[in-house]
Amino acid sequence: MLPMTIDDIFLPKVYIIRFLTKCIQQLYTTNMIRTQIYIPQDTHKILIHLAREKKRQMAEIIREFIDKGIKSVSQKDTSGKKTLSAIMQLKFTDGANDLSSNIDHYLYGTPKDHE
């Protein structure tokens, strides 16, 4: 017959709680790196207040602030779409017509390939 409640299980509740805690820690540590920082006392007090108010862990709130800060600072487009679009708008009428076959020559000054 299978146990019906946690009290019927042979292991004490303490071991089960420790096991579940380890599982949760494992979930966090697979995608995160532990780091330590110094923050002013006033900032710490505000974070404690926010954590209690939102009923969340202070670490979650700090991670959220860091993510928002990074996103606001890095509004720079690194995809290259703007640059490619600008190049496409250029109207070249003259220039090297052997650019693809002699790209090393035009970039680095190596001798031209003659076909």
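What follows draws every value from the coordinates through simple rules; no lab data is involved. The model shown is predicted, which means the values in this text are computed figures rather than measured ones. FYI the Cβ positions are ideal-geometry reconstructions off the backbone, even for glycines, and counts take in every protein chain you see.
Please give, to one decimal in nm, the separation of the simple spin-label points placed at K112 and M32, each 7 Å out from Cα toward the Cβ. Here the answer is 6.1 nm between the modelled labels.
At most 10 other C-beta atoms within 10 Å and a DSSP loop state: those are the exposed trypsin sites (Lys or Arg not before Pro) I care about. Give me the longest piece of the chain that has none. Formally, the longest exposed-site-free interval is 1-33.
Per the Debye formula with a single identical scatterer at each Cα and no solvent contribution, what log10 I(q)/I(0) holds for the chain at q = 0.09, 0.17, 0.18 Å⁻¹? Once normalised to I(0) and log-transformed, intensities are -0.64, -1.07, -1.12. Rounded to the nearest 0.05, the FRET efficiency derived from the C-beta distance between K55 and S79 at R0 = 30 Å is 0.20. Extending each Cα 7 Å along its Cβ direction at K45 and I87, get the distance between those two points in nm, one decimal. For the pair K45/I87, the computed spacing is 5.5 nm.
Would you work out if the range 34-89 is rounded, prolate or oblate? Take a ≥ b ≥ c from the square roots of the eigenvalues of the alpha-carbon gyration tensor; rounded if a/c is under 1.5, else prolate when a/b is larger than b/c, oblate otherwise. Note, shape of the range 34-89 comes out prolate. Pairwise Cα distances in the range 58-100 exceed 14 Å in 71 percent of cases.
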